[in-house]
């Protein structure tokens, strides 16, 4: 069984600027992954490469072992894609958009589409341009879901939604995931709303992958160390220091652990997902942390203690 | 995909059909009037003669006075293919990219090349069908004039042969190409106009007269009576003038005064002979097919470029 999404050395260059560079990651099937990074980090580029809208400049991308460009005919039916700001044909009614989905997709599930639209209370005769932003996003999501994809790619689906619309959008998404067990990759520039629904995290920053892995493992593998003011070199020799801040008396480190933490002088704390993400994003300008495979066993054993 | 193409272009399609219907009714009414006048005046007897004999000049004059204005309409029709290219061809891809709906439609289960192929086949097919239908009507409509003036070397050349359909194809293809290149509807419309004019005008003005070498007739001075030309009205005169003692050709006959005879006039310019270069009327269809081929060639280039751009440059 190949991964839902696998990239190797994937890169995309526009002129001289790399929008995405040296991206190697694999997203196992069945995961709900958050692709997090600041604006301009390459999230959209990665998603567009994954759905075959873009051709890679370097490396390759595979969806269930298929190239989304060279094998588009086979790959496209298996990918659901919702683009940023959920573009729809504004002059089409909702019913016509569903017809579009039915005509263009062999695996289309019309029953599912109609049931969801009805459940959302969106009138079928309303033109897409007359729907609220939240409703447009919902319709776009239904279009992608009724395609019965194995992998669903969502580009900043929450960015333009108000909190209520966000919650409803995520509810629709989670219901679909629960029903069909599809793999989801969802980009966002914040982690907030995604923490509850995602179990996999990919941090993309300045066109590089900073971190990718199981959300729980990541959370357990990162600790905040607080102690008297000192140099972080001793810690850095074993663990990876992601962020360090010093006051007159105190040093605070955010580290990715590579084994048990020693040193009685350190007060070890758990870190929130949001803090981990922020730490990685703010270190983007410093030298990049190389990505060893996460020491999963180590982390598990530690977690069991 | 057929459904989507129809859904997206039905407004354009129905509008075109409506305009076509209006033009069609107009052509039918005026065409019938012209045809019956042509018969009543007995103009068919004047066809093929040099216009010197009998009452023919007066009759032709009468016909021209009554219906000459209609030829303006024929001139206006030359812009119809361009209009179609700018308003239907240019937005075909540009509007999708502009409104970002290409992200929606290219990520359904069909590849974008298939998407483009179906759209082009249907839209170009409909465009060619419409222009073909109009062409049939135009040929019928123009018949009285074709017998009097010919269709060669005037506006009717563009509206009464396959060139008319080829121009429609060219305009649509250039429109689609411009749209994929600029990704902006308005820019694409202007580029379409520029490209269409940039191809059509030079081909029609500088290339068309020489698709085949023109026939040149030379008449030494003295053998010429009143009218230097013995051509039929249907032939297309490319150039005429006189040849001086050194054998140089001069276009036109300048500076003749009213009290000179034609021969005297020539002699004051040192003319030894007069010449006329022309394309005989029976080359009309050959020329039509050659020019149609040229426009079809340009259309194919534009479409290939559009495919390449959609495949490689748009996302």
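Couple of notes before you dig in:
- Taking every alpha-carbon pair under 8 Å whose residues sit at least 6 apart, chain B reaches a relative contact order of 23 percent.
- Prolate/oblate/rounded label for region A:1-77 (Cα gyration tensor, a/c 1.5): oblate
- Region A:43-126: Cα Rg divided by the 2.2 N^0.38 Å rule of thumb: 1.29
- Based on Cα contacts under 8 Å between residues 6+ apart, chain A shows a relative contact order of 19 percent.
- Between residue B:22 and residue B:3, the contour length at 0.36 nm per residue exceeds the Cα-Cα span by 4.1 nm.
- If both residues of a DSSP beta bridge must be in the protein assembly as shown, then about 75% of such bridges are antiparallel.
- Length-normalised contact order for region A:144-185 - Cα pairs under 8 Å, 6+ apart - percent: 60
- In region B:1-121, the alpha-carbon atoms span a convex hull of 140 Å³ per residue.
- Using a simple spin-label model with pseudo-atoms 7 Å out from Cα toward Cβ, residue A:179 and residue A:247 lie 5.2 nm apart.
- FRET efficiency, residue A:199 to residue A:168 (Cβ-Cβ, R0 25 Å, nearest 0.05): 0.75
- Take each residue of peptide A:51-60, count the partner chain Cβ atoms within 10 Å of its Cβ, and average: the result is 2.
- Peptides A:265-274, A:80-89 ordered by packing proxy, namely the average of other Cβ atoms within 10 Å per residue, highest first: A:80-89, A:265-274.
- 0 to 90° range, to nearest 10: angle between helix A:94-104 axis and chain A longest Cα axis: 80
- The mean number of Cβ atoms from other chains found within 10 Å of a Cβ in peptide A:76-88 is 4, as a whole number.
- Three-way shape label, region A:130-212, alpha-carbon gyration tensor, a/c 1.5: oblate
- Computed Kirkwood radius, in angstrom, where 1/r is averaged over Cα pairs of chain B: 22.4
- Rg and Dmax [Cα atoms of region B:104-193; Å; Rg one decimal, Dmax integer]: 17.5, 58
- Once the C-beta distance of residue A:17 and residue B:249 is scaled by a Förster radius of 45 Å, the resulting FRET efficiency is 0.15 to the nearest 0.05.
- Each 10 Å bin from 0 upward holds the following percent of the Cα-Cα pairs of region A:76-118: 24, 57, 18.
- Largest mean-square fluctuation among B:44, B:299, B:178, in a Gaussian network model of chain B whose springs join Cα atoms under 10 Å apart, belongs to B:44.
- Between residue B:215 and residue B:83, the C-beta separation translates, for a Förster distance of 41 Å, into a calculated FRET efficiency of about 0.65.
- Spin-label pair residue B:232/residue B:296, simplified geometry with 7 Å Cα→Cβ offset, distance in nm: 2.7
- Dimensionless Rg over Rh [the protein assembly as shown; C-alpha; Kirkwood]: 1.22
- Listed residues A:168, A:111, A:55, most fluctuating in chain A (Gaussian network, C-alpha, under 10 Å): A:111
- Bridge type composition, chain A - antiparallel percent by DSSP, nearest 5: 70
- Helix B:56-67 vs. chain B, principal-axis angle (Cα, 0 to 90°, nearest 10): 30
- Most fluctuating residue given options B:139, B:110, B:274, as computed from a GNM of chain B linking Cα atoms under 10 Å: B:110
- The rule of thumb for compact globular proteins, 2.2 N^0.38 Å, goes into the C-alpha radius of gyration of chain A 1.09 times.
- CD proxy at 222 nm, helix term only [per DSSP H run n ≥ 4: -39500 (n - 2.57); per residue of the protein assembly as shown; nearest 500]: -14500 deg cm²/dmol
- Packing, as the average of other Cβ atoms within 10 Å across residues, places the peptides B:111-121, A:208-218 in the order A:208-218, B:111-121, highest first.
- The slack between residue B:136 and residue B:71, meaning 0.36 nm per residue of separation minus the straight C-alpha distance, is 21.7 nm.
- Global form of region A:64-213, assessed from the alpha-carbon gyration tensor, a/c cut-off 1.5: oblate
- For B:98-106, mean number of other protein chain Cβ atoms within 10 Å: 6
- Label point distance in nm, residue B:64-residue B:118, each placed 7 Å from Cα along Cα→Cβ: 5.5
Throughout, read-outs are computed from the coordinates displayed, never taken from laboratory work. All values reported here derive from a predicted model rather than from experimental measurement. Positions of Cβ are generated from backbone atoms using ideal geometry, with glycine treated the same way; all protein chains shown enter the neighbour counts.
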